[in-house]
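Comments concern the structure below.
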Amino acid sequence: MKKSLIYKICGILGILGCVGVLAGDIIGIALHEAHDPISDTISMLAIGKYGWIQDYGLDLLAVGYMALAIGLYNWKSTGTKWIISLIILAIIGIDLVIIAEHNQYAGRPGYTIHRKLVYLLAGLFLALNFLIYKDLSSLKPCLKKFSLYIGFLWLIFAPFFPLIPDGWDGAYERLACTLLVIWPGVVSFHLIRTADKED
């Protein structure tokens, strides 16, 4: 298989993962009558009759992260920081799957496990942005600053989430988590553009 085709397939999967998780959240909110997106966290959508919608959305995002790792590895397979970054990308995907498929949330027995998985995700995403930014500039120069900006924004937003009042934590979490969607979406787009240039 041509490398450019791999880039394109993986880039498309990356973007579809981003669209999928956004759609899952929007549809879940629409169908889950008791859910208030301002005061209720994303995880609360995983509870109840329509919880599978949110789970599938997270699964799609996980596939997007893992596909992006594969696509970027095919684009470049050398460099210690680069390889560590791609491993982190794959682990983020695995972490998202476990978060999605572990259905005991919000005060139930599995809440502690869920919290640890979320903290792991936060740490991995922060490390990813500050490890990968230099090498991403070879894919597209603007991605260097883009990754740094996302990393700094994540560093600002993520630590304050536990301090947000209950009436606003749903809105704050959604605002912060847009960074988890924007980053792979933009990088996937440029991976596809790279494939177009090579064809």
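The values are calculated or read from the model by the stated rules, or taken from the named source; none is laboratory data. This structure is a prediction, so every number in the text was calculated from the model and none was measured. Here Cβ is always computed from backbone atoms with ideal geometry, including for glycine, and neighbour counts include all displayed protein chains. For the accessible areas, the whole protein counts, side chains as well, though only heavy atoms, and no ligand, DNA or RNA atoms are used. Shrake-Rupley method; radii C 1.70, N 1.55, O 1.52, S 1.80 Å.
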### Task
Among the residues of the range 86-115, write down those that are modelled with pLDDT of 95 or more and of a type in the set (Asp, Glu).
Asp95
### Summary
Over the range 35-50, the set of residues out of contact with any Gly (no Cβ under 8 Å at 6 or more places or on another chain) and not basic (Lys, Arg) is Ser43, Ala46, Ile47, Gly48
### Task
Determine which single condition Ser43 fails, assuming it passes every other condition in (1) open to solvent by 80 Å² or more (accessible area, probe 1.4 Å); (2) part of a helix (DSSP H, G or I).
(1)
### Summary
Residue pairs within 9 Å by beta carbon, gap of at least six or interchain, first lying in the range 28-48 and over 21 Å from Ala176 (Cα atoms), second surrounded by fewer than 20 Cβ atoms within 10 Å (Cβ to Cβ) and at pLDDT 85 or above, listed first then second, are none
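Does Ile84 qualify as being surrounded by fewer than 21 Cβ atoms within 10 Å (Cβ to Cβ) and over 21 Å from Leu22 (Cβ atoms)? Talk me through it step by step, then tell me what you get.
Numbers: surrounded by fewer than 21 Cβ atoms within 10 Å (Cβ to Cβ): yes; over 21 Å from Leu22 (Cβ atoms): yes.
Answer is yes for this residue.
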### Query
Does any residue of the range 27-34 turn out to be in a helix (DSSP H, G or I) and under 14 Å from the mean Cα position of the chain (by Cα)?
no
### Task
Working only within the range 54-77, note down all residues that are assigned to a helix (DSSP H, G or I) and open to solvent by 20 Å² or more (accessible area, probe 1.4 Å).
Tyr56, Leu58, Asp59, Leu60, Val63, Met66, Ile70, Tyr73, Asn74, Trp75
### Task
Could you identify the single residue in Asp135, Asp95, Asp166, Asp196 that is open to solvent by less than 20 Å² (accessible area, probe 1.4 Å) and among the acidic types (Asp, Glu)?
Asp95
### Summary
Within the range 8-37, residues open to solvent by less than 20 Å² (accessible area, probe 1.4 Å) and modelled with pLDDT of 95 or more come out as Cys10, Gly11, Gly14, Gly17, Cys18, Gly20, Val21
